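Asker: The structure's right below; bear with me while I get my questions together.
Readers should treat all values here as calculations from the given coordinates under stated rules, not as data from a laboratory. From a predicted model like this one, the values you see are computed outputs, not experimental measurements. Quick reminder, even Gly has a Cβ in these numbers, built from the backbone with ideal geometry, and neighbours come from all protein chains shown.
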């Protein structure tokens, strides 16, 4: 069993690329003080050690995309005091949620030589669609600073201080010129949750929305502006339905763009 003095930490993977787990390992020096204060019970990316639980904190990466996933996440939730989803896959279905708008059976038939052996769901959905989630860390991948903040908050028995505003606010704080105003570049910054450090606008690129919709944002209201910048409705639809395709606000904006283009 985990050390009763130190809180136990488990890290789990579902359908994902492992990038958010690697963000935890990339903390390196910052992770050492935390590692001395927690018991790492399960983390297959870093160790073969595995403890059955219960766990004080579970970090969950990846979306639910198979019947077995749907069962396993309920088991993990039952053994976890706090459950934190990390990354776009876990919080909004990820890129693999593009299947939600296509014929999955056709994909399976074309891609796999023996599709009858592939057990999958027709959709890729966030963890919160299946079990209660205590905290979410957005992004593709997550931000190291936010991850350390939430782990530090757990150790200090306080609520984490996570930002809820948009990427545009972050650009203003950093003194960056608006790529839309200055260069006419389509950008999802006004409706995307902050946390990445406004990386794309910092390199004169429009925000791709990988942190998902900001709190209280109206993504569909951005459609006329994107169209005036030369984006056709199909391109706008793809922009909203990429990294966080299963996020309700972005999905609705993509569907609204499709309707503006006259497609069924």
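Asker: Radius of gyration and Dmax for the range 167-260's Cα atoms, expressed in Å?
Answerer: Both quantities, over Cα of the range 167-260: 12.2, 37 Å.
Asker: When the helix-only estimate is applied to the chain (DSSP H runs of n ≥ 4, each -39,500 (n - 2.57), divided by the residue count), what is the mean residue ellipticity at 222 nm, nearest 500 deg cm²/dmol?
Answerer: Theoretical 222 nm ellipticity from helices: -9500 deg cm²/dmol.
Asker: For the range 85-132, take the alpha-carbon Rg, divide it by the Kirkwood Rh, and send me Rg/Rh.
Answerer: Looking at the range 85-132, the ratio lands at 1.05.
Asker: Run the numbers on the range 71-226 and let me know its relative contact order in percent, using alpha-carbon pairs under 8 Å that are six or more apart.
Answerer: RCO, the range 71-226: 21 percent.
Asker: Taking neighbour Cβ counts within 10 Å as the exposure measure, how do 117, 208, 55, 112 sort from fewest upward?
Answerer: 117, 112, 208, 55
Asker: Go ahead and set up a Gaussian network model of the chain, Cα springs under 10 Å, then flag whichever of 32, 151, 188 fluctuates most.
Answerer: Per the Cα network of the chain with a 10 Å cutoff, 32 tops the list.
Asker: Another question about this same structure. Any idea what log10 I(q)/I(0) is at q = 0.13, 0.15, 0.16 Å⁻¹ for the range 8-156, Debye with uniform C-alpha scatterers and no solvent?
Answerer: -0.59, -0.76, -0.84
Asker: Something else now. Relative contact order, percent, of the range 206-264 when contacts are C-alpha pairs under 8 Å separated by at least 6 residues?
Answerer: So the answer I get is 41 percent.
Asker: Relative to the first principal axis of the alpha-carbon coordinates of the chain, what is the inclination of helix 248-260, with its axis defined by its Cα atoms, in degrees from 0 to 90 and to the nearest 10?
Answerer: 20 degrees
Asker: For the chain, with a Gaussian network of springs between Cα atoms less than 10 Å apart, report the residue from 239, 25, 147 with the top mean-square fluctuation.
Answerer: 25
Asker: Using only Cα atoms, tell me the angle between helix 67-78 and the longest principal axis of the chain; keep it within 0 to 90° and round to the nearest 10.
Answerer: 60 degrees
Asker: Dividing the alpha-carbon radius of gyration of the range 1-95 by 2.2 N^0.38 Å (N being the number of residues), what value is obtained?
Answerer: Taking N as the residue count of the range 1-95, the ratio is 1.05.
Asker: Across 10 Å bins from the origin, how do the percents of Cα pairs in the chain run, short distances first?
Answerer: Using 10 Å bins, I get a P(r) of 7, 28, 32, 22, 10, 1, 0 for the chain.
Asker: Restricting to Cα pairs below 8 Å that are 6+ residues apart, what does the relative contact order work out to for the range 167-260? Please round to a whole percent.
Answerer: That works out to 24 percent.
Asker: Here's something else I'd like to know. Please build a GNM for the chain, connecting alpha carbons under 10 Å apart, and tell me which residue among 201, 248, 219 fluctuates the most.
Answerer: In this elastic network of the chain, the residue with the biggest mean-square fluctuation among 201, 248, 219 is 248.
Asker: Something else: Roughly how tilted is helix 144-156, in degrees to the nearest 10 and between 0 and 90, from the longest Cα axis of the chain?
Answerer: Taking the Cα atoms of the chain, the angle to 144-156 is about 40 degrees.
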